[in-house]
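Let me begin by presenting the structure, written as structure tokens, before commenting on it.
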Amino acid sequence: MSTEGKINATATNLEGKAKEALGNLTGDTEMQVEGKAKQAEASAMNAVDNLKDAAKNALDNIKNAIDKA
């Protein structure tokens, strides 16, 4: 995962945790739901970056195999 991707996902996750906590403190269920949604968004961002890394690694392995042939 790229450093930028990690930072963005972490920031989104922290935003979500803060919103959820604020919602819990104030009893604002809408804020709680928004917080959980932000956390889910962060998980999706991580999944996308992990998929990109896996694709890059697969391409690198193919290139290395071709170079050795």
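The values are calculated or read from the model by the stated rules, or taken from the named source; none is laboratory data. The shown structure was predicted, so the numbers you read here are calculated from the model rather than taken from an experiment. Quick note on the areas: whole protein, heavy atoms, side chains included, nothing else; ligands and nucleic acids left out. Shrake-Rupley method; radii C 1.70, N 1.55, O 1.52, S 1.80 Å.
Could you please give the count of residues in region 3-44 that are at pLDDT below 95 and open to solvent by less than 60 Å² (accessible area, probe 1.4 Å)?
1
Read through the list (1) at pLDDT below 95; (2) in a helix (DSSP H, G or I); (3) open to solvent by less than 60 Å² (accessible area, probe 1.4 Å), then give the number of the only condition that residue 60 fails.
All conditions pass for residue 60, except number (1).
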